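Notes for the one structure printed next.
The values are calculated or read from the model by the stated rules, or taken from the named source; none is laboratory data. Note that this is a predicted model, so its numbers are computed, not measured. A quick note on method: Cβ atoms are made from the backbone with ideal geometry, for glycine too, and the neighbour counts reach across all protein chains shown. All accessible areas refer to the heavy atoms of the entire protein, side chains included, with ligands and DNA or RNA removed. Shrake-Rupley method; radii C 1.70, N 1.55, O 1.52, S 1.80 Å.
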Amino acid sequence: MRCLKCQERAWVELKRHHAAYCPDHYTEFFERQLERNIKSKKMFTPQDNILVAVSGGKDSLALWDVLLRTGYQTAGLYIDLGISDYSTRSKEKAVAFAEARGARLIIKDVREEYGEGLMGISELSKSLRRVPCSGCGLTKRYVLNQVAHELGFNVLATGHNLDDEAATLMGNVLHWQIGYLARQSPVLESTHEHLAKKVKPLYTFTERETLSYVLIKGIDYIEEECPNAHGAQSIIYKEALNAIERESPGTKQAFVDGFLKSARPLIQSSEEAVTLNACKQCGEPTTGETCAFCKMWDRAKAARAKGKPVVPVVSE
Ligand code: Q46
Ligand code: ZN
Ligand code: ZN
């Protein structure tokens, strides 16, 4: 197979685009499409201060790499969730990436900052008898917002790719989560002075496409999955979507694009605007008096102090 641009040997075949590229032209394709996403969705400009959520995985490092090399003002945020050796190894990848590029990396340790030096996500979920991903997702969203606000970043960029978006969409449709569907978008404008605009510049790239980019660029990333990902519903949805994509290339993209163009505008207009108050404990925005993050951690700490698990709380 030959590169579409230069006829040299192709390294990456993109069936859904009916194209194949050599390493140099694949890099060009990847960067151009990323820039097109940023501009067409008005995600940010070179004047914005962008906080990139960095997990040490291929997607977030690919995103940060392109943004750094194309001259955007960025800093990375690594959240140490305290998930056994996985957190240690993924942090090492994020730190090495930032050091090699002289980039600013902010590290927040959940155990130190919120878990009284004892509780990371693993202990939190055990105390609450919840699956780790639910408490983890809430914690990551909270920490990202809090750091962006405290340190003056007006845009929060995450490495969610097309596979992530399609799997989330599938889960939200299967369970008719209308509220989540209304908020599923590659761009969410800020709705409160404490909340940064949220963007997902990689939302049109498949996992395989970001993997091809990091391999070509020689970016060292954490290959292993979080140990809690096994059996997670998102993985089951990804497998189902991959099976469909094999038979019918382009389905994932059509699913997400069709939702964003046709369905989301209808759902969005039926969503009522909510009033946000300051959480009485931490001051972050919430629909109630105390935010779901403070409630969750308080209950986990109380349960831990008593030495027994507690009844789960409902997250926002
Ligand atoms: S880090 Fe956290 Fe993921 Fe691990 S516990 Fe679940 S949500 S799987 S992206
Ligand atoms: Zn080429
Ligand atoms: Zn709070």
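Computed from phi, the 3J(HN,Hα) profile of the range 215-221 under the Karplus parametrisation 6.51, -1.76, 1.60 (θ = phi - 60°) reads 5, 4, 7, x, 7, 8, 10 Hz, with x in place of Gly and Pro.
Near the amide H of D80, within less than 5 Å, lie the amide hydrogens of K108, D109, V110, all on another chain or at least 5 residues away, with H placed in the peptide plane.
Applying Stokes-Einstein at 25 °C and 0.890 mPa s to the Kirkwood radius of the range 222-306, computed over alpha-carbon pairs, gives a translational diffusion coefficient of 141 µm² s⁻¹. Which whole-angstrom value gives the distance between the alpha carbon centres of the range 207-243 and the range 138-179? The two parts, judged by their Cα centres, are 17 Å apart.
With r as the distance between the Cβ atoms of E92 and R9 and R0 = 35 Å, compute the FRET efficiency 1/(1 + (r/R0)^6) and round to 0.05. E between R9 and E92, to the nearest 0.05, is 0.55.
Derived scalar couplings between HN and Hα for the range 22-37 equal 6, x, 5, 6, 5, 4, 4, 4, 4, 5, 5, 5, 4, 5, 5, 4 Hz in order, rounded to whole Hz, by the Karplus curve 6.51 cos²θ - 1.76 cosθ + 1.60 (θ = phi - 60°), x for Gly and Pro.
When you restrict to C-alpha pairs under 8 Å that are six or more residues apart and normalise by the size of the chain, the relative contact order lands at 19 percent.
Can you give the local net charge around A148? Use residues other than it whose beta-carbon is closer than 10 angstrom to its beta-carbon, Lys and Arg +1, Asp and Glu -1.
Here the count lands on +1.
Within the straight-line cut-off of under 19 Å between alpha carbons, the lysines reachable from K39 are K197, K198, K200, K261, sequence neighbours fewer than 8 places apart in one chain being disregarded. Couplings 3J(HN,Hα) of the range 286-296, computed from phi: 8, 7, x, 8, 10, 6, 5, 5, 4, 4, 4 Hz, in residue order, whole Hz [Karplus 6.51 cos²θ - 1.76 cosθ + 1.60, θ = phi - 60°; x for Gly and Pro]. Rolling a 1.4 Å probe across the protein heavy atoms gives the range 30-97 an accessible surface of 39 Å² per residue.
Assuming a viscosity of 0.890 mPa s and a temperature of 25 °C, what translational diffusion coefficient in µm² per second does Stokes-Einstein assign to the chain, Rh being the Kirkwood radius over Cα pairs? For these conditions, the coefficient is 118 µm²/s. Angle between the Cα long axis of helix 162-174 and the longest principal axis of the chain, 0 to 90 degrees, nearest 10? With both axes taken from Cα atoms, the answer is about 50 degrees.
Positive end of the dipole of the range 1-102 (Cβ unit charges, origin at the Cα centre): among T45, L34, M1, the Cα lying farthest that way belongs to M1.
Annotation: extensible slack from Q47 through H17 equals 7.6 nm (criterion: 0.36 nm per residue apart, minus Cα-Cα distance). Multiplying each eigenvalue of the alpha-carbon gyration tensor of the range 27-86 by 5 and taking the square root yields semi-axes of 24, 14, 9 Å, largest first, rounded to whole angstroms.
Once the C-beta distance of K280 and E116 is scaled by a Förster radius of 25 Å, the resulting FRET efficiency is 0.80 to the nearest 0.05. The distance between label points at I244 and E289 comes to 4.5 nm (points 7 Å beyond Cα on the Cα→Cβ vector).
Using R0 = 25 Å, the C-beta based FRET efficiency linking R2 and E223 works out to 0.25.
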